[in-house]
Amino acid sequence: MAAMKRVQGINNFILMKWLYTLVLFMFICKTTHCDESEKVNRASTVVIALLVRNKAHTLPYFLTLLERLDYPKDRISLWVRSDHNEDNTLEILKIWLSSVEGQYHSINSELLSSPPERLSDQKGPAHWSSLRFTHVIQLREEALVAARQLWADYLWFLDCDVFITNPKILRLLISKGHTVAAPMLKSDGLYSNFWCGMTEEYYYLRTEDYKPILQRERVGCFHVPMVHSSVLIDLRRASSNGLTFLSSKVPDYKGPHDDIITFALAANKSGVPLYICNDHIYGFVMVPLEQSDSLELDFMQLTNLKLEVLVENSPLPVSELFAQYVSYPEQDTMDFDSIYMINLLRRPERRKRMLNCFKELGIRATILNAVDGL
């Protein structure tokens, strides 16, 4: 009997010790948020660097799309620089930055009311002179340094003539796991934001690999010698420390005085591969002007690109904030008595697309309902 009591006592002691341990564990879990449902996986921090000049015609679309990104704004810091403008760029930027104040983690902006005169060696607004390259190189390097000092996870260089139509772009690019990745952007021609080859002088070289990637006959992420216009850098990786826009920091640099080429060669020297990804339709990019072109030609090219977008997509959106900065040509019949569009009622998507095209082109057309043939 005594032995049985001892066994029962031991069992009771073990049970009480187990219950005490369980209660202690539950208390610790509650105070340290052990419950899986209470865990918070924060999005990576991203600095978006914007260099803006003479982009009043693209900013209403660019900024509207930027605001629609599927990414928490409190994990994004904006780094914005603008100067030497000959249009309403500064006015639009100030209105936008004022409207988003407090939404983003931080905003670092310098909007300089530079005199309308261009840099002393510039021959036109589209001319990339030596002084202009020097200026842009310094600004890009400043953005890179600023992002590192903020301990940001990622830095996204984004040109303001890029239209991001896929709101999930940041999440998708981050998921690739590359130190440097760029989304392939479509244009109204064969132009895009990547190269598949370089000449011995480090300039653009068309190769057989270019079209299959551009036309998405091959889909995925591809190692290429150059990406630009929309470039995401993973600053958490040690290899990113060698990335720079300053030729003086690139060992044995023999390339031209050019920001994107210097960056590409710095990546190569640092063993950082550059990737272009075309696994999704990410967005569109404007074809750059030639050095002798005027801003008026860029307005025409914007119309061309908006028509290209309409082939398979909805029109580029514009928020009410920027509606006053967007205008369309007055509609007429182009010196014809009438212009007719014949369309089947059961094809409303085609009618809508054509009406949007007429709006962009300033065409006044009479709509006639088509009839199915026998």
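The values are calculated or read from the model by the stated rules, or taken from the named source; none is laboratory data. It should be emphasised that the depicted structure is a prediction, and the values quoted were computed from it without experimental measurement. All Cβ positions, even for glycine, are placed from backbone atoms using ideal geometry, and neighbour counts span all protein chains on display. All accessible areas refer to the heavy atoms of the entire protein, side chains included, with ligands and DNA or RNA removed. Shrake-Rupley method; radii C 1.70, N 1.55, O 1.52, S 1.80 Å.
The accessible-area ordering, largest first, of the residues R53, R42, R236 stands as R42, R236, R53, per a 1.4 angstrom probe. For region 173-301, a/c is not less than 1.5, where a ≥ b ≥ c are the root eigenvalues of the C-alpha gyration tensor, and a/b does not top b/c. That puts it in the oblate class.
Result for the chain in a Gaussian network model with C-alpha springs under 10 Å: among A182, A126, A56, the largest mean-square fluctuation is at A126. Counting only Cβ charges, +1 for Lys and Arg and -1 for Asp and Glu, the dipole size of region 176-305 around its Cα centre is about 660 debye. Rounded to the nearest 20 debye, the dipole size of the chain about its Cα centre is 2260 debye, using +1 on the Cβ of Lys and Arg and -1 on the Cβ of Asp and Glu.
As I understand it, the dipole of region 89-225 uses +1 on the Cβ of Lys and Arg and -1 on the Cβ of Asp and Glu, about the Cα centre. Which of V145, Y191, W96 lies farthest toward its positive end? It is Y191. Classify region 103-261: rounded, prolate or oblate, from the alpha-carbon gyration tensor (a ≥ b ≥ c, eigenvalue square roots; a/c under 1.5 rounded; otherwise prolate if a/b is larger than b/c)? The shape class here is rounded. As a rough guide to protection, the peptides 128-137, 221-230 ranked by mean Cβ packing within 10 Å, highest first, stand as 221-230, 128-137.
Taking label positions 7 Å along the Cα-Cβ direction at both S99 and L355, the computed distance is 2.5 nm, reported to one decimal. Near the amide H of V287, within less than 5 Å, lie the amide hydrogens of D188, all on another chain or at least 5 residues away, with H placed in the peptide plane. Taking every protein chain into account, the 1.4 Å probe leaves R353 with about 80 Å² of accessible area, to the nearest ten. Each of H178, H127 has its accessible area taken with a 1.4 Å probe; listed largest first, they run H178, H127. Phi angles across region 187-199 convert, under the Karplus curve 6.51 cos²θ - 1.76 cosθ + 1.60 with θ = phi - 60°, into 3J(HN,Hα) values of 10, 8, x, 8, 6, 8, 9, 8, 10, 9, x, 10, 6 Hz, Gly and Pro given as x.
Applying the Karplus relation 6.51 cos²θ - 1.76 cosθ + 1.60 with θ = phi - 60° to region 278-292 yields 3J(HN,Hα) values of 10, 6, 9, 7, 8, x, 9, 9, 6, 6, x, 6, 6, 5, 9 Hz, where x marks Gly and Pro. Among rounded, prolate and oblate, which fits the chain when a ≥ b ≥ c are the square roots of the eigenvalues of its C-alpha gyration tensor, a/c under 1.5 means rounded, and a/b larger than b/c means prolate? Note, shape of the chain comes out prolate.
Here the Karplus relation 6.51 cos²θ - 1.76 cosθ + 1.60, evaluated at θ = phi - 60°, turns the backbone of region 315-321 into coupling constants of x, 4, x, 9, 6, 4, 4 Hz, with x for every Gly and Pro. Placing unit charges on each Cβ (+1 for Lys and Arg, -1 for Asp and Glu) gives region 266-313 a dipole about its Cα centre, and among Y275, N304, P288 the Cα reaching farthest toward its positive end belongs to Y275. Counting DSSP beta bridges in the chain, what percent are antiparallel, to the nearest 5? That works out to approximately 40 percent antiparallel. Taking 0.36 nm per residue of sequence separation and removing the Cα-Cα distance, the L307/K254 pair yields an extension gain of 15.0 nm. Report, in degrees rounded to the nearest 10, the 0 to 90 angle that the Cα long axis of helix 259-269 makes with the longest principal axis of the chain. Between the helix axis and the principal axis of the chain, the angle is about 40 degrees.
A simple count of charges around G197, restricted to other residues whose Cβ falls under 13 Å of its Cβ and scoring Lys, Arg +1 and Asp, Glu -1, yields -2.
Rounded to 0.05, the FRET efficiency of the L112 and V145 pair, given R0 = 22 Å and the Cβ-Cβ distance, is 0.70.
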